[in-house]
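Nothing in this text is a laboratory measurement; each read-out follows from the coordinates by a stated rule. From a predicted model like this one, the values you see are computed outputs, not experimental measurements. Reconstructed Cβ throughout: ideal geometry from the backbone, glycine too, with neighbour counts over all protein chains shown.
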Amino acid sequence: EAQVTQNPRYLITVTGKKLTVTCSQNMNHEYMSWYRQDPGLGLRQIYYSMNVEVTDKGDVPEGYKVSRKEKRNFPLILESPSPNQTSLYFCASSYWTSGQETQYFGPGTRLLVL
Amino acid sequence: AQKVTQAQTEISVVEKEDVTLDCVYETRDTTYYLFWYKQPPSGELVFLIRRNSFDEQNEISGRYSWNFQKSTSSFNFTITASQVVDSAVYFCALSEAYSSASKIIFGSGTRLSIRP
């Protein structure tokens, strides 16, 4: 079954404690990206990756890091989380075929930073 | 700068009615991509469509259709014969290159409620 998995699904942490949200896809997609969703601010892109070792900043990259060492994984790293990073996070992967794109999202990770 | 405007914050219609969700965008690029996404009450995000800026042909997929008009910078989404399962928040988005894995910005979303 084609899927994008995220772990953990829910996380409560404290300010400054480094954390990683994993994202993995089993479809061999080249493209992956991270988003956050906040009430009143909507969906915003954090980082994206067009292939292994190729990443770039989205709209709101501050306070986040990513890596793309292998095609299937695209972890989101919060080196020193702060309360303003409390949010719902989505990972996605996508592919092109015959000029059409299809995108798959992970189930989301709800993060609370105290 | 890029901008996506979904002026309709909330729409409520009775089942079987047709409903159109508006999306207006701003970009200086000549090549760009437009997207629609659905977020049902369960919270997951569902990709619906991507449209290239050089392809103004309307798209139809079952009860869903999309009308792309460069002249008015709009990419509207119509649901025909709406059903309760169509109740969701719908987001329009714009990317200036390649795909959803390029830099992308979203509209604020339209909450659609379909009443039985």
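Model label sites at B:A97 and B:T80, defined 7 Å from Cα along the beta-carbon direction, differ in position by 3.8 nm. Taking every residue in A:92-101 and counting other chain Cβ atoms within 10 Å of its Cβ, the average works out to 4. Normalised by 2.2 N^0.38 Å, where N is the number of residues, the alpha-carbon radius of gyration of the protein assembly as shown equals 1.01.
Taking GluC sites (Glu not before Pro) across region A:1-95, the ones in a DSSP loop with at most 10 further Cβ atoms lying within 10 angstrom of their Cβ are A:E1, A:E53, A:E62, A:E70.
Restriction of the trypsin sites (Lys or Arg not before Pro) in region B:42-78 to DSSP coil positions whose beta-carbon has at most 16 other beta-carbons within 10 angstrom yields B:R63. As an equivalent ellipsoid, region B:55-116 spans semi-axes of 23, 16, 10 angstrom, where each value is the square root of five times an eigenvalue of the C-alpha gyration tensor, largest first.
Restricting attention to chain B, lysine pairs at least eight places apart or on different chains and with alpha-carbon atoms under 21 angstrom apart total 6. Non-local lysine pairs in chain A, meaning eight or more places apart or on different chains, with alpha-carbon distances under 22 Å, amount to 7. Can you list which of the GluC sites (Glu not before Pro) found in region B:18-116 are DSSP loop residues with at most 14 other C-beta atoms within 10 Å? Those satisfying the criteria are B:E44, B:E56. Shape annotation for chain B: C-alpha extents along the principal axes are 42, 27, 22 Å, from largest to smallest. Summing Cβ point charges (Lys, Arg +1; Asp, Glu -1) relative to the Cα centre of the protein assembly as shown gives a dipole of roughly 660 debye. In region B:1-49, Cα pairs under 8 Å separated by at least six residues give a relative contact order of 33 percent. Over all distinct Cα-Cα pairs of chain A, the Kirkwood formula returns a hydrodynamic radius of 14.1 Å.
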